[in-house]
Amino acid sequence: MTKTNPLGFLTEQISAWKEAGTFQRPRSLESPCGPIATFDGHKVINLASNNYLGLTTHPKLIEAAIQATKTYGAGSGAVRTISGTMDLHLQLERKIAAFKKAEACLVFQSGFAANSGTVSAILTPEDHIISDALNHASIIDGCRLSKAKIHVFPHRDTTLAEAKLAALAGVSGRRLLITDGVFSMDGDIGPLPELVELAEKYGAIMMVDDAHSSGVLGDAGRGTVDHFGLHGRVDIQVGTLSKAIGVLGGYVCGSRDLIDFLYQRARPVLFSTSHPPSVAASCIAAFEILEQEPERIQNLWKNTDYFRASLKSAGFDTGASETPIIPIMVGEAKMAFAFSRSLFEEGLLATGIGFPTVPEGKARIRTIVTATHTTEQLDRATEILTKVWRTVMA
């Protein structure tokens, strides 16, 4: 009897993607993650990294990781709630809480786990979530896992966000109002002050995902809550340790009761081994650097403003970007991916982004500026983008 392939439908889908020109394989990084890096044997200008402040290669982070490994070993050996909570984890959480001006903090294995694990833990099917249409996939997954009723408002539209909240007046259940601080595909900043006002007006829990604003916005990179002067008015702050911090993981900051509750009920904490000591130690070093080396954030913004102005002068549409995430709007995914491949051949890594990461018809090249790029590298990147645009988009 001939055996059928029960996964044959996957082969068919992959073939369809290849035919449409939207199938992508990840490139292999063969060097440290820096402004110039080697991928697939080619040294290129790297505009595709979240390493905003260049901390992945900072000597203090590397030394902290080495020393922690020598002292504690390579791994923690268990989940947090069994025997995997190390003094390094607790030290890191105290440092983050103080940095974010919050009562307490809980570190998760990733930013994705922090969002999805928190939302799914604190809400029930009787509750309601009011969510920005462009919130990160980890928020969306957390909303679905909670089984709460989801009410989506158009991107950054606080008028319709209020309409969603007002329509729930008298309806049973808790309300969670949630937004990204900086949106990862468009690079614009969420309207946090207006949303905080709405949360207070309607008695909703206010939650912000500051993954792309931690280390970027606010004093010493404290994020959008600090940027807008909203300390004490945002109930849940989520951040990441794998972008500006340069290492790995995510965290949640809030009240002590929130953190104690998540420690008991957040499934990523209960069922995943904790960070190895090297990760915790290097993250501690990174938060110290944020306050000791403010010139890194200053240089990040200098480079961001310079590069965005250069792209606009060259005629590129950078959308609504306000941050180091600067998209170049293309339209169709096939064209964006072809554009990205041609850029790489010319010595520039800038990622093509299409559906389902962004809506159909809104594909783009996403560029990300870092503090460690030089003006010469950014000028060369603009030259390559302009040259390839004329060829690919002609």
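Go through the residues of the stretch 93-105 one by one and say whether even a single one is touching a Ser or Thr at 6+ places or on another chain (Cβ under 9 Å), closer than 17 Å to VAL279 by Cα and surrounded by 19 or more Cβ atoms within 10 Å (Cβ to Cβ).
no
Count, please, the residues in the stretch 360-394 that happen to be part of a loop (DSSP other than H, G, I, E, B) and over 27 Å from the mean Cα position of the chain (by Cα).
So the answer is 2.
Give me the pairs, please: first residue somewhere in the stretch 197-209 and among the hydroxyl-bearing types (Ser, Thr, Tyr) and modelled with pLDDT of 95 or more, second residue anywhere and assigned to a helix (DSSP H, G or I) and open to solvent by less than 10 Å² (accessible area, probe 1.4 Å), beta-carbon distance under 9 Å, and either six or more positions apart or on two chains.
That search, which allows pairs on different chains as well, returns TYR202/LEU165.
Search the stretch 324-347 for residues that are in contact (Cβ under 8 Å) with a residue 40 or more places away in the chain and within 17 Å of MET185 (Cα to Cα) and pair each with any residue that is among the acidic types (Asp, Glu) and buried (at least 24 other Cβ atoms within 10 Å of the Cβ) when their beta-carbon atoms are under 9 Å apart and the residues are at least 6 apart or on different chains.
Matching pairs, first to second residue: ILE325/ASP186; PRO327/ASP186.
Evaluate the stretch 220-239: report whether one residue or more is surrounded by 22 or more Cβ atoms within 10 Å (Cβ to Cβ), among the polar types (S, T, N, Q), under 25 Å from THR85 (Cβ atoms) and touching a His at 6+ places or on another chain (Cβ under 8 Å).
Taking every residue of the stretch 220-239 in turn, none turns out to be surrounded by 22 or more Cβ atoms within 10 Å (Cβ to Cβ), among the polar types (S, T, N, Q), under 25 Å from THR85 (Cβ atoms) and touching a His at 6+ places or on another chain (Cβ under 8 Å).
Output the residues belonging to the stretch 351-383 that are open to solvent by less than 30 Å² (accessible area, probe 1.4 Å) and either farther than 25 Å from VAL216 by Cβ or not β-branched (Val, Ile, Thr) (or both). Give the steps one after another, and end with the answer.
Residues of the stretch 351-383 that are open to solvent by less than 30 Å² (accessible area, probe 1.4 Å), as a first pass: 352-354, 358, 363-365, 367-371, 373, 378, 381-382.
Correct list: GLY352, GLY354, ALA363, ARG364, ALA371, HIS373, LEU378, ALA381.
Before we move on, is GLY347 open to solvent by less than 10 Å² (accessible area, probe 1.4 Å) and either hydrophobic (A, V, I, L, M, F, W, C) or under 25 Å from ALA37 (Cα atoms) (or both)?
No.
Is it the case that the stretch 40-50 has a residue that's basic (Lys, Arg), open to solvent by 70 Å² or more (accessible area, probe 1.4 Å) and assigned to a strand (DSSP E or B)?
The answer is yes, given that some residue of the stretch 40-50 is basic (Lys, Arg), open to solvent by 70 Å² or more (accessible area, probe 1.4 Å) and assigned to a strand (DSSP E or B).
Do the conditions hold for THR304, that is, is it of a type in the set (Val, Ile, Thr) and either part of a strand (DSSP E or B) or at pLDDT 95 or above (or both)?
yes
If you check HIS136, HIS151, which single one turns out to be within 24 Å of GLY223 (Cβ to Cβ), open to solvent by 10 Å² or more (accessible area, probe 1.4 Å) and either touching a Phe, Trp or Tyr at 6+ places or on another chain (Cβ under 9 Å) or of a type outside the set (A, V, I, L, M) (or both)?
HIS136
Condition first: under 23 Å from the mean Cα position of the chain (by Cα) and surrounded by fewer than 23 Cβ atoms within 10 Å (Cβ to Cβ). Can you find one or more residues in the stretch 113-120 that meet it?
yes
Name the single residue, out of those in the stretch 323-344 being open to solvent by 10 Å² or more (accessible area, probe 1.4 Å) and of a type in the set (A, V, I, L, M), that is nearest to GLY223 (Cα to Cα).
Selected residue: MET329.
Could we say that SER242 is within 27 Å of PRO356 (Cβ to Cβ), among the hydroxyl-bearing types (Ser, Thr, Tyr) and open to solvent by less than 40 Å² (accessible area, probe 1.4 Å) here?
Numbers: within 27 Å of PRO356 (Cβ to Cβ): yes; among the hydroxyl-bearing types (Ser, Thr, Tyr): yes; open to solvent by less than 40 Å² (accessible area, probe 1.4 Å): no.
Against the criterion (within 27 Å of PRO356 (Cβ to Cβ), among the hydroxyl-bearing types (Ser, Thr, Tyr) and open to solvent by less than 40 Å² (accessible area, probe 1.4 Å)), SER242 does not qualify.
Which number in (1) over 22 Å from SER138 (Cβ atoms); (2) open to solvent by less than 20 Å² (accessible area, probe 1.4 Å); (3) aromatic (Phe, Trp, Tyr) marks the one condition that TRP301 misses?
Here TRP301 meets the rest and fails (2).
Pairs only if they're at least six apart or on different chains, beta carbon under 7 angstrom, first in the stretch 369-394 and over 24 Å from ASN299 (Cα atoms), second open to solvent by 10 Å² or more (accessible area, probe 1.4 Å) and not in a helix (DSSP H, G or I); list them, first residue then second.
Going by the 7 Å Cβ cut-off, the qualifying pairs are THR386/ALA314; LYS387/GLU346; VAL388/GLU346.
Considering every residue within the stretch 256-267, establish whether at least one is of a type in the set (Phe, Trp, Tyr), over 20 Å from LEU92 (Cα atoms) and open to solvent by 50 Å² or more (accessible area, probe 1.4 Å).
So far as the stretch 256-267 goes, no, none of its residues is of a type in the set (Phe, Trp, Tyr), over 20 Å from LEU92 (Cα atoms) and open to solvent by 50 Å² or more (accessible area, probe 1.4 Å).
The values are calculated or read from the model by the stated rules, or taken from the named source; none is laboratory data. Predicted, not measured: the structure shown is a model, and the values here were computed from it. Because the Cβ atoms are built from the backbone with ideal geometry, glycine has one as well, and the counts that use them run over all protein chains shown. With ligands, DNA and RNA removed, areas are computed over all heavy atoms of the protein, side chains included. Shrake-Rupley method; radii C 1.70, N 1.55, O 1.52, S 1.80 Å.
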